[in-house]
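Structure first, commentary second.
Please treat every number below as a calculation from the coordinates, not as lab data. No experiment lies behind these values; they were computed from the predicted model shown. We place every Cβ from the backbone using ideal geometry, glycine too, and count neighbours over all the protein chains shown.
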Amino acid sequence: MDFTALLERFGEKTVITVAGLLIGVLFGIFAQRSRFCLRSAVVEFWRRENDGRLAIWLFAFASAVIATQAWIIAGWLDVSQARQLAARGSLSGALVGGLLFGIGMILARGCSSRMLVLAANGNLRALLTGLIFAVTAQASLSGLLSPLRNWISSWWTIEGSARDLLVSAHLGNVGGLLFGLAWLVAAIIFCRRARLSVREWSCAIGVGLSVALAWLATFVIGSHAFEVMPVQSLSFTGPSANVLMLVLSPPGQPWDFDIGLVPGVVLGSFLAALGGRELKLEGFKDGHSMRRYIAGALFMGFGGMLAGGCAVGAGVSGAAIFALTAWMALIGMWGGAGLADKLLDGPSRRNATARP
């Protein structure tokens with residue numbers, strides 16, 4: 001494909017926005033059909049259950065790592081200038097933000113990407129949670145909460161040249177590929193134990209490939225564009241805030257990959273739910289439930305912006321290129337969610353089990 005001619009005909013902003021839209025549609029379809037959600041995987045892991053949610057996350061994670069690293073080895077992709085590897089990062093922000101995001105996932109009963117998928121299916125709880133998440137993310141980026149975010153981020157910083165784990169560990173991209181293959185084997189083992197359907201595990205792989213495809217698409221388009229375009233993949237903290245500001249700002253604001261991504265995920269999830277006859281209006285049960293979801297949105301919005309990414313942005317996209325801060329955030333999310341589930345939901349589970 002002659003990308004230069006394509007960019008000249010339709011314009012660079014249009015092409016990158018459409019790319020975000022199409023990849024978002026794919027992600028929305030695959031995430032909706034596979035029930036992909038980091039929160040569900042973490043809960044299953046810490047509770048030592050076996051309902052297949054962990055296997056789904058592992059398939060998505062492993063396929064994102066394998067495809068991304070394979071394309072780098074083949075020379076099709078270069079992520080050295082991606083924000084997660086080139087810019088100065090904050091290890092304190094990644095760890096604290098990951099912990100807060102993990103707590104928020106438990107409170108809201110889903111991560112930010114899952115909220116977006118569910119909102120498109122008619123879940124009003126997810127819709128409200130997603131809106132508050134976007135507002136909090138924007139406030140954390142450049143609003144009322146930005147001083148607190150900058151203060152926490154300043155505790156422990158690291159140069160961009162030291163953020164590549166594959167370079168620091170002297171493993172190279174082949175080592176990264178082998179790492180992804182090892183987790184794919186783990187996913188297959190858990191899949192067999194949970195007896196997942198072909199649809200579930202294949203769509204989980206589709207989620208991971210959507211992440212890798214975003215890396216590839218933004219790199220290829222950016223390498224042919226006259227303007228400087230960032231090499232990036234899927235994330236829902238910054239993009240949600242950007243879409244919110246686009247809606248609230250006067251018409252004529254420039255479009256980019258993020259602006260196409262969020263509506264694309266909503267459209268893809270809606271189409272998948274429509275095809276599966278799963279569209280259904282759902283609301284809050286009571287005031288306590290509503291307060292819990294709002295608190296979860298606040299934790300996720302601030303934590304995701306502090307960590308530099310959400311469960312997908314840091315936990316899959318950033319981890320797929322082995323950015324140190326992304327892995328710190330992912331560890332924080334698993335730890336924070338596990339602790340929150342034990343403290344918040346553990347007592348109610350024990351009480352339910354103790355009832356005659």
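In nm, to one decimal, how far is the modelled label at Q81 from the one at Q253, with both set 7 Å along Cα→Cβ?
The two pseudo-label positions are separated by 2.6 nm.
Relative to the longest principal axis of the C-alpha atoms of the chain, give the angle of the C-alpha long axis of helix 324-340, reported between 0 and 90° and rounded to the nearest 10°.
With both axes taken from Cα atoms, the answer is about 10 degrees.
In 5 Å bins starting at zero, report the fraction of Cα pairs in segment 212-342 per bin as a rounded %.
The percentages, shortest bin first, are 2, 9, 13, 16, 19, 19, 13, 6, 3, 1, 0.
Along the three principal axes, how long is segment 128-253 when you take its alpha carbons, biggest first, rounded to the nearest angstrom?
Extents along the principal axes: 50, 38, 37 Å.
Tell me whether segment 25-172 comes out rounded, prolate or oblate; compute the Cα gyration tensor, take square roots of the eigenvalues as a ≥ b ≥ c, and use a/c under 1.5 as the rounded threshold. If you can, show how the numbers build up before the last one.
Numbers: a/c = 1.72, a/b = 1.14, b/c = 1.52.
Here segment 25-172 falls in the oblate category.
About its Cα centre, what dipole magnitude does the chain give when the only charges are +1 on Lys and Arg Cβ and -1 on Asp and Glu Cβ, stated in debye to the nearest 20?
Values: 28 positive and 18 negative charges, 314 e Å.
In total the dipole reaches around 1500 debye.
Simple spin-label model, 7 Å along Cα-to-Cβ: T157 to R9 in nm?
It is 4.5 nm.
Using 0.36 nm per residue of separation minus the Cα-Cα distance, give me the extension gain between K285 and V198 in nm, one decimal. Write out the running numbers ahead of the final one.
Values: separation 87, 0.36 × 87 = 31.32 nm, distance 3.37 nm.
Fully extending the segment from K285 to V198 adds 27.9 nm.
Taking R0 as 22 Å, what's the FRET efficiency between D51 and L131 from their Cβ-Cβ distance, rounded to 0.05? Spell out each step's value before the answer.
Numbers: r = 30 Å, r/R0 = 1.35.
That pair, D51 with L131, gives E of 0.15.
Around T325, with a cut-off of 13 angstrom between Cβ atoms, what is the net charge of the other residues, counting Lys and Arg +1 and Asp and Glu -1? Before the final figure, lay out each step's value.
Details: positive: R83, R88, R163; negative: E159, D164.
My count for the surroundings of T325 gives +1.
Over the chain, what is the relative contact order in percent, taking alpha-carbon pairs closer than 8 angstrom and at least six residues apart? Walk me through the numbers before you get to the answer.
Working: 682 pairs, mean separation 141.5, N = 356.
After rounding, I find 40 percent.
Starting from the Cα coordinates of segment 1-91, work out the convex hull volume and express it per residue in Å³.
On the way: hull volume 14.4 nm³, N = 91.
Given the Cα convex hull of segment 1-91, per-residue volume reads 158 Å³.
Project the alpha carbons of segment 112-171 onto their principal axes and report the range along each, largest first, in whole Å.
47, 33, 13
For segment 53-110, what does the alpha-carbon gyration tensor say about shape, rounded, prolate or oblate, given a ≥ b ≥ c as the root eigenvalues, a/c under 1.5 as rounded, and a/b over b/c as prolate? Intermediate results must be reported in sequence, preceding the final value.
On the way: a/c = 4.09, a/b = 1.33, b/c = 3.07.
In terms of gyration-tensor shape, oblate.
Mind checking the angle between helix 238-248 and the chain's longest principal axis? C-alpha axes, 0 to 90 degrees, to the nearest 10.
Helix 238-248 sits at roughly 80 degrees to that axis.
May I ask for the longest run of the chain untouched by GluC sites (Glu not before Pro) that are loop-located per DSSP and have at most 14 neighbouring C-beta atoms (other than their own) within 10 Å?
Working: sites that count: E49, E159, E227, E278.
Looking at the chain, 50-158 is the longest stretch - no exposed GluC sites (Glu not before Pro) with at most 14 other Cβ atoms within 10 Å.
Just to be sure I understand, if you calculate Cα extents along the principal axes in Å for this structure, which of (i) 104, 40, 39; (ii) 73, 62, 37; (iii) 70, 48, 48 do you get?
So the calculated entry is the one marked (iii).
What is the local net charge at A273, summed over the other residues whose Cβ is closer than 10 Å to its Cβ (Lys, Arg +1; Asp, Glu -1)?
Residues close to A273 contribute a combined charge of +2.
With angles folded into 0 to 90 degrees, how steeply does helix 124-142 sit against the dominant principal axis of the chain? Use alpha carbons for both and round to 10.
With both axes taken from Cα atoms, the answer is about 50 degrees.
Kindly provide the trypsin sites (Lys or Arg not before Pro) of segment 168-229 that DSSP labels as loop, not H, G, I, E or B, and whose Cβ sees at most 15 other Cβ atoms within 10 Å. Could the numbers behind the result be given before it?
Details: sites: R192, R193, R195, R199; in loops: R195.
Answer in residue order: R195.
Which log10 I(q)/I(0) values, to two decimals, does segment 186-274 give at q = 0.15 Å⁻¹ under the Debye formula with one point per Cα?
Scattering profile of segment 186-274, log10 relative to I(0): -0.75.
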